[in-house]
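**Student:** Mind looking over this structure? Questions follow.
The values are calculated or read from the model by the stated rules, or taken from the named source; none is laboratory data. Since the model is a prediction, treat every value here as computed from it, not as a measurement. Counting neighbours? That spans all protein chains shown, and the Cβs are built from the backbone with ideal geometry, glycine included.
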Amino acid sequence: MEAKKKKRQSSERQPAQYDKIFKENIEAVISSIMQNVLEITAVSMEELPDDIQHTKERKPDVLKKVTDTRGDTFVLQIEFQVKDEPKMVYRMAEYFIMLERKYELPVKQFVIFLGADNPKMPTELDRERLKFSYPLVSLATLDYQIFLCSDKPEEIILGILANFKGENPENALKQILVRIKETTRGDFSLNRYFNQLRVLAQLRNLELNLKTAMDSIAEYIKEERDVLYLRGQEREQMKFVKNLLTETDFPLDKIAKVAGVTVDFVKSIQRQLTGK
């Protein structure tokens, strides 16, 4: 009984983890998602308050007032969905009516599905007095290279939810990890994105593949840091040798000994200073 309770609690926590990642990153990636996934090119965008719910338990994941390149202004609502939701069409219809009523603007809605399987949730209502539908986009159908091309780590991590297009999963994950490293400043931010990637890997059962890829990339990061350290160390040595050459009358061999470098290194710095 206790095991079942823990399993249920774990399954309830997982969607919350995914929601947290998207809420943390959404402002950084929304323009690109609109452009590359929803085919909307915005020239202006304005945050809208999400206090539209009267009897609703949830707030919209994304709610924006958008003006596109054609001059059309509309309310954009996006929902991120991890699992099939049989009643999603009713929720979206409720949102549509409330948004239309409140803002008196056209409403464009999208559900972006994050799961690995093909979503089966209904997207249309066809009743005698009501016809309604919304677009359902599955990230699993998109080429992961779309996200690799970004210069934002928040967007690059979405590549793990896309289609690897026949690429070996570990190779694809290495590419994602390298691009995150290339576009991230500081260890704190890097660890944050790597942790987010670990969470999203669970949606694709890629935990073991990601661990192997991260072990491989760890050596690359270590080597890169070693190179940067050595470059920094060399710059300090050059500065020290220059000071000794200009501020003392020590012979070259003594300067080399004091600075911990070779005589040839000292001579090269001396040539830089004298231009000879």
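**Student:** Test Glu154 against the criterion of being more than 11 Å from the chain's Cα centre (by Cα) and over 16 Å from Gln202 (Cα atoms), and give yes or no. Steps first, please.
**Tutor:** Working: more than 11 Å from the chain's Cα centre (by Cα): no; over 16 Å from Gln202 (Cα atoms): yes.
Criteria not met by Glu154.
Let's see how each residue does on (1) among the hydrophobic types (A, V, I, L, M, F, W, C); (2) modelled with pLDDT of 90 or more; (3) assigned to a strand (DSSP E or B); (4) surrounded by fewer than 16 Cβ atoms within 10 Å (Cβ to Cβ):
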site	(1), (2), (3), (4)
Asp19	no, no, no, yes
Val29	yes, no, no, no
Gln35	no, no, no, yes
Ile40	yes, no, no, no
Val43	yes, no, yes, yes
Ile52	yes, no, no, no
Thr67	no, yes, yes, yes
Gln77	no, yes, yes, no
Glu85	no, yes, no, no
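**Student:** Within region 54-65, count every residue that is at pLDDT 85 or above, charged (D, E, K, R) and either exposed (fewer than 12 other Cβ atoms within 10 Å of the Cβ) or assigned to a loop (DSSP other than H, G, I, E, B) (or both).
**Tutor:** If we filter region 54-65 for residues that are at pLDDT 85 or above, which is where we start, we get 60-65.
With charged (D, E, K, R) added as a condition, the list becomes 61, 64-65.
Now restrict to residues that are either exposed (fewer than 12 other Cβ atoms within 10 Å of the Cβ) or assigned to a loop (DSSP other than H, G, I, E, B) (or both): 61.
The number of residues fulfilling the criteria is 1.
**Student:** Do we find that Met121 is among the aliphatic types (A, V, I, L, M), over 22 Å from Arg192 (Cα atoms), free of Cβ contacts under 8 Å to residues at least 60 places away in the same chain and part of a loop (DSSP other than H, G, I, E, B) in this structure?
**Tutor:** Details: among the aliphatic types (A, V, I, L, M): yes; over 22 Å from Arg192 (Cα atoms): yes; free of Cβ contacts under 8 Å to residues at least 60 places away in the same chain: yes; part of a loop (DSSP other than H, G, I, E, B): yes.
Answer is yes for this residue.
**Student:** Could you please tell me which pairs satisfy a Cβ distance under 8 Å, a separation of 6+ or placement on different chains, a first residue in region 249-263 that is under 14 Å from Leu273 (Cβ atoms), and a second residue that is assigned to a helix (DSSP H, G or I) and of a type in the set (D, E, K, R)?
**Tutor:** Every condition considered, the pairs that remain are Leu252/Lys267.
Table: residues versus (1) hydrophobic (A, V, I, L, M, F, W, C); (2) closer than 19 Å to Ile30 by Cα; (3) modelled with pLDDT of 90 or more.
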site: Asp143; (1), (2), (3): no, yes, yes
site: Glu154; (1), (2), (3): no, yes, yes
site: Gly159; (1), (2), (3): no, yes, yes
site: Glu167; (1), (2), (3): no, no, yes
site: Leu173; (1), (2), (3): yes, no, yes
site: Ser189; (1), (2), (3): no, no, no
site: Arg198; (1), (2), (3): no, no, no
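**Student:** Then there is this: Residue check, Ile156 against (1) part of a helix (DSSP H, G or I); (2) free of Cβ contacts under 8 Å to residues at least 12 places away in the same chain, all met but one. Which one?
**Tutor:** (2)
**Student:** Further question on the same structure: Going by the structure shown, is Leu114 under 26 Å from Pro49 (Cβ atoms) and surrounded by 15 or more Cβ atoms within 10 Å (Cβ to Cβ)?
**Tutor:** Values: under 26 Å from Pro49 (Cβ atoms): yes; surrounded by 15 or more Cβ atoms within 10 Å (Cβ to Cβ): yes.
So Leu114 passes the test.
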